[in-house]
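Participant: Sharing a structure below in structure tokens format, with a few things to ask.
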Amino acid sequence: MSNKSGDLVTTLYFSESHADEVYRHDTKILDETMNTSLQVLRVGYTTEFYGYTTAFTAVGFHAKNSFDGATLEMLYPKETSGYGDVRLGMTTWLYNDKENMEYFAITPMISIPLGSYDASRAINIGENRYKATLSAGYVKRIVHNSAGELFVELSPEIAFFGDNDNARGKKIKQDPSFALTSYLRYRPIPIVGIFAGYQINRGGETSINGVKQNDEPNNSKFMLGGAIFLFGTQIVLRHAQDVHIENGFKADHQTTLRLQWCF
């Protein structure tokens with residue numbers, strides 16, 4: 001996101017993912033399919049707030065999940081779609097060295113349960129609970145010469161979950177989860193870039209009516225992609241794939257297109 005004061009930033013994301021393996025306790029238990037289609041609108045406004053450059057952000061999305069396989073179709077509806085919960089947040093740049101291109105920012109965000117939810121369904125787009133995340137981002141340019149620029153990025157995150165007290169008549173609690181994302185970005189010229197990244201996710205065990213499920217995803221994934229700035233639009237295309245997962249669906253590919261405009 002832009003960190004220039006006075007910018008209104010609008011971002012659209014279009015994502016398609018495909019998973020065809022299901023794991024439980026690090027063992028594959030099913031060769032059945034889940035496809036997810038996601039469309040996200042993110043709007044932010046950057047201003048000076050108590051002496052710091054700060055971006056206030058609102059995020060909304062629509063998603064569709066579909067399942068294919070005898071076992072999954074017994075457990076879940078074949079297709080679920082709807083609007084997700086609204087997320088509100090703010091990013092504050094605590095260190096903002098534009099000359100040397102080194103930045104550090106923090107982003108608290110809250111998810112408000114306004115999305116599509118049906119307590120009788122096993123899968124919903126809305127979560128029927130509040131969620132809060134705190135993430136940080138560090139960016140540093142480590143190479144700057146005639147061949148271009150190379151940046152390193154690190155982004156840790158912690159998420160806290162409220163209770164869903166109406167999940168088919170049961171109460172679901174979830175432990176905090178943790179993530180760490182890292183990127184290397186190479187920019188041969190200012191309007192073109194390529195990147196590679198890696199992400200790990202830990203924690204997030206759920207309990208149902210007080211019974212722990214021992215279901216932490218504990219997954220890791222890699223990402224590859226590129227970006228270009230054309231006609232006032234930043235265009236980013238990213239491919240992601242799970243490398244390992246202990247519990248849940250293993251995505252063999254996820255393709256995301258991001259379009260961003262600054263006004």
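A short reminder: the numbers here are calculations on the coordinates, not readings from a lab. Bear in mind that the values here come from a model prediction, so they are computed numbers and not experimental data. Cβ atoms come from the backbone with ideal geometry, glycine included; neighbour counts cover every protein chain shown.
Participant: With just the Cα atoms defining each centre, how far is the range 45-96 from the range 167-240? Give it in Å.
Facilitator: 12 Å
Participant: Right, here's the next one. Considering only the other residues whose Cβ falls under 13 Å of the Cβ of Lys173, what net charge follows from Lys and Arg at +1 and Asp and Glu at -1?
Facilitator: -1
Participant: Give the share of C-alpha pairs in each 5 angstrom bin for the range 1-154, from 0 to the last occupied bin, in whole percents, shortest bins first.
Facilitator: Calculated over all Cα pairs of the range 1-154, the distribution is 2, 8, 12, 14, 14, 14, 12, 9, 8, 5, 2, 0, 0 percent.
Participant: Note down the nm distance, to one decimal, between modelled labels 7 Å out along Cα→Cβ at Leu237 and at Asp252.
Facilitator: 2.1 nm
Participant: Please report, in whole Å, how far the alpha carbons of the chain spread along each principal axis, starting with the longest.
Facilitator: Computed over the Cα atoms, the extents are 57, 38, 31 Å.
Participant: Report the rotationally averaged projected area of the range 13-102 based on its alpha-carbon convex hull, in square nanometres.
Facilitator: 9.3 nm²
Participant: Quote the FRET efficiency, to the nearest 0.05, computed for Leu150 versus Phe178 with a Förster distance R0 of 22 Å and r equal to the Cβ-Cβ distance.
Facilitator: The value I calculate is 0.20.
Participant: So, in nm, how far is label Leu75 from label Asp163 when the simple model puts each one 7 Å beyond its Cα toward the Cβ?
Facilitator: In this crude label model, Leu75 to Asp163 measures out at 2.5 nm.
Participant: Next question, about the same structure. When the scattering of the range 170-263 is computed by the Debye formula from its Cα atoms alone, each counted once and equally, what is log10 I(q)/I(0) at q = 0.15, 0.16, 0.21, 0.22 Å⁻¹?
Facilitator: Calculated log10 I(q)/I(0) at the listed q: -0.72, -0.77, -1.01, -1.05.
Participant: Sticking with this structure for a sec: For the range 105-171, restrict the atom set to alpha-carbon positions and state the Rg and Dmax in Å.
Facilitator: In Å, with Rg to one decimal and Dmax whole: 19.3, 63.
Participant: Tell me which lysines have Cα within less than 29 Å of Lys140's Cα, excluding those fewer than 8 residues away on the same chain?
Facilitator: Lys4, Lys98, Lys221
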